[in-house]
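Here the structure comes first, spelled out in structure tokens, and everything after it is commentary.
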Amino acid sequence: MPRHVFNLNPLRMRPLLLLGAILLAGCGASVVTTTTTYQMNHFQSGKTVEIDSARTFQVGLFGGMARTVRTTIRRDSAANKFVFYNDSRVLSFGGIAQLPITENFDVGGDVTFSAFSLDDRNFAEEGLGRIAGGTALRVFGKYALLPKASPIGIALLSVVGYALGGTGESSDIRVNQNEPARATASSGGITLEFAVPISFHRKDFALTLTPVYYALNQNVNYSFKPENQGREERQSFNRRFSNFGLGIGVHARSLRFEVTLVENLRGTVIPFFGLMLAL
């Protein structure tokens, strides 16, 4: 059978590329991105708080990296919508509190605020959107399996949280022969985490190893409205994300350092660093 060979000469294709660029520029596509932020580090050992210590109610401040799941919605002039998902790390800070209930059981919670993106490797069209920050709230319970006197600590940690997403708003949208329009998107979601902190204690410091499972149920609300017409289009999206991670940490008397390794949505294992100051 004869074989057909197509010669893609760049010089011959330049007019086609130019025409394609002109058509894309005039299609009036709108792009808007929203993010859902949640914390990846836990700063927990395999032991509970000393219920008879001088600092029974423990509090702390932390800073480092949190995760953002980013949802990008692209709408072309033919009203076709395309949804892309990606994620990155953000610089974050927050606070944590932990209270012993019994010798073997603690409860606590933390709050995380995201500041700005550290490795924004998202789709090129996201550059058209304006992205705000996000906040993550978590409550947790921890049950220690071994006695306090043991040099090894093992605990079961369950975490429930809510990730308050950032709001994105597109800019400079033109549809239907330069008719101005506006698109917005906001997101949030419930987070569930199950971890097994394992720690090795020696005098005033401990080494920790924490396998953890993360699950996020993300909800996205999207709206699109041409400014010169009365109609407004609204749509909601829902997607679930899950990951396994591994936290490795060092705990001193007042400082805790932890790095958590998690696979992102692109299939690459990336680190999340965190540093906590115990007050």
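No value in this document is a laboratory result; all are computed from the given coordinates. Predicted model, so just to flag it, every value in this text is computed and none were measured. Ideal geometry is used to build each Cβ from the backbone, glycine not excepted, and the neighbour counts take in all protein chains shown.
Gain in length, Phe244 to Val139, computed as 0.36 nm per residue apart minus the alpha-carbon separation, to one decimal in nm? It would help to have the intermediate numbers written out before the result.
Numbers: separation 105, 0.36 × 105 = 37.80 nm, distance 1.95 nm.
Full extension from Phe244 to Val139 adds 35.9 nm.
Report the gain in length on full extension from Phe93 to Asn80: 0.36 nm times residue separation, minus Cα-Cα distance, nm rounded to one decimal.
Working: separation 13, 0.36 × 13 = 4.68 nm, distance 3.85 nm.
Stretched out fully, the Phe93 to Asn80 stretch lengthens by 0.8 nm.
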*From the phi of every residue in the range 234-251, what ³J(HN,Hα) in whole Hz does the Karplus formula 6.51 cos²θ - 1.76 cosθ + 1.60 yield, where θ is phi - 60° and glycine or proline is x?*
10, 8, 10, 10, 9, 8, 10, 10, 9, 8, 9, x, 9, x, 10, x, 10, 10
*With the cut-off at 13 Å, report for the range 236-278 the share of all Cα pairs above it, as a whole percent.*
63
*Expressed as a whole percent, how much of the Cα-Cα distance distribution for the range 194-254 exceeds 14 Å?*
71
_Point-to-point label distance, Leu61-Asp204, nm (Cα→Cβ direction, 7 Å offset)_ = 2.1
*Sequence-distant or interchain residues sharing an amide H contact under 5 Å with Leu146, placed H: which?*
Ile154
*Using the Kirkwood radius built from alpha carbon pairs, what does the Stokes-Einstein equation give as D for the range 141-261 at 4 °C and 1.567 mPa s, in µm² per second?*
71
*Enumerate the calculated ³J(HN,Hα) couplings along the range 134-140 in order (Karplus 6.51 cos²θ - 1.76 cosθ + 1.60, θ = phi - 60°), each rounded to whole Hz, writing x wherever the residue is Gly or Pro.*
x, 9, 10, 10, 9, 10, 8
*Lys225/Ala252 FRET efficiency (R0 51 Å; Cβ-Cβ; nearest 0.05)*: 0.40
_Cross-link reach list, lysines versus Lys142, counting only Cα pairs under 29 Å and skipping chain neighbours closer than eight places_ = Lys47, Lys203
